[in-house]
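Notes follow the structure.
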Amino acid sequence: MSQTATLAAPAAPAGRRFLSPRQRLGAALLLALALFGLGLPLVAELDPARQNYSQILAAPSLAEPLGTDHLGRSMLARMSSAVQLSLGLSLLGVLTAAVPGVLLGVLAGWRGGWVDRTLGVLADTLLALPGLLLVLLLVAIAPGNFWTLYVGIALVLWIEYFRVVRLTTRSLMASPQIEASRLLGFGPGYIVRRHLWPALAPVVLTLGAFGAATAILAIAALGFVSVGLRPPTAELGLMMTELLPYYHEAPWVLLQPIAAVFLLVLALNLLAGGRKP
């Protein structure tokens, strides 16, 4: 093989990358929760709003595996709907935040100059306003609206993507590998695909997992203080508020939404780690 062919050949990968044991545990737990929230309604007729006053605060049984709430509604149906809502809203908010955050971060880090300064000022301006306060302001404008929560979460989360991606891109653009690719005449598409994205992907995925966990906690917190979604919507924080007065009579119904929030956040935090080489 000639010296030129040897220099042109891509370097062999240092090793395959696999999910660590904690990430596999997080992925399995998240998959189980997703199947509970998304798959269960496909195989069983579940109506989270149907009331049965003859079965108020009924204990778990074969007919109702998770019991019923203070209005005789099926906790199985309500928990499935609430997990689906929390997962769907958080993942949608994260995806909506990640796309502009990553694109603007790459643009600022790549171009620098006035583009970097302008986008940085915009991010710092929004960052000066506490995230939860921004969501509360939007919720106050249109209380109980699903889209208000979605927009508020996306507006809060994109800043973190932007700041991390901008700093990472700025550092990478000064690296010898990218300088060599530019000298060899490779275009922006090749540089992004070959150098930028492989370095950014683990960071973006980790931010996404942490962001989804933050969104789930924010949705539950807003529901718990009764400024989020409104009844009869099955939402984990709202369910805690509704079931709190019946803790002594039926503690199992209150523990269910608490456990769901805990497991969702735990799964996402386990998933958001470094990869094992």
| said: Residue under question is Gly67, and the condition is that it be modelled with pLDDT of 90 or more and either among the hydroxyl-bearing types (Ser, Thr, Tyr) or on the phi > 0 side of the Ramachandran plot (or both); does it hold? | reply: yes
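Residues are listed down the side, and each one gets a yes or a no for (1) surrounded by 20 or more Cβ atoms within 10 Å (Cβ to Cβ); (2) on the phi > 0 side of the Ramachandran plot; (3) free of Cβ contacts under 8 Å to residues at least 24 places away in the same chain:
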{"site": "Leu122", "(1), (2), (3)": "no, no, yes"}
{"site": "Leu127", "(1), (2), (3)": "no, no, no"}
{"site": "Glu160", "(1), (2), (3)": "yes, no, no"}
{"site": "Arg170", "(1), (2), (3)": "no, no, no"}
{"site": "Ile178", "(1), (2), (3)": "no, no, yes"}
| Pair list, Cβ under 9 Å, 6 or more apart: the range 216-232 residue of a type in the set (D, E, K, R), other residue crowded, with 24+ Cβ neighbours inside 10 Å | Arg230/Leu238
| query | Leu30 passes all but one of (1) more than 19 Å from Ile258 (Cα to Cα); (2) at pLDDT 90 or above; (3) not small (Gly, Ala, Ser); which number fails? | reply | (1)
| note | Sole miss for Trp114 among (1) over 17 Å from Ala250 (Cα atoms); (2) more than 27 Å from the chain's Cα centre (by Cα); (3) touching a residue at least 24 places away in the same chain (Cβ under 8 Å) is condition (3)
| For residues in the range 218-262 being in contact with a Gly (Cβ under 8 Å, 6 or more places away or on another chain) and aromatic (Phe, Trp, Tyr), which is surrounded by the most Cβ atoms within 10 Å (Cβ to Cβ)? | Phe224
| message | Can you find a residue that is farther than 19 Å from Ala97 by Cα, of a type in the set (A, V, I, L, M, F, W, C) and under 26 Å from the mean Cα position of the chain (by Cα) anywhere in the range 182-193? | response | yes
| Does the range 263-271 include one or more residues that are closer than 17 Å to Ile153 by Cβ, touching a residue at least 60 places away in the same chain (Cβ under 8 Å) and crowded, with 19+ Cβ neighbours inside 10 Å? | yes
| Leading residue by the ranking (nearest to Pro48 (Cα to Cα)) among those in the range 248-262 that are among the hydrophobic types (A, V, I, L, M, F, W, C) and touching a residue at least 40 places away in the same chain (Cβ under 8 Å) | Val253
| Does the range 40-63 contain at least one residue that is under 23 Å from the mean Cα position of the chain (by Cα) and either in contact (Cβ under 8 Å) with a residue 60 or more places away in the chain or surrounded by 14 or more Cβ atoms within 10 Å (Cβ to Cβ) (or both)? | yes
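Name the one entry in Leu104, Leu95 that is within 20 Å of the chain's Cα centre (by Cα), modelled with pLDDT of 75 or more and within 30 Å of Leu29 (Cα to Cα).
On inspection, the qualifying residue turns out to be Leu95.
The values are calculated or read from the model by the stated rules, or taken from the named source; none is laboratory data. Quick caveat: nothing in here was measured; it's all calculated off a predicted structure. We place every Cβ from the backbone using ideal geometry, glycine too, and count neighbours over all the protein chains shown.
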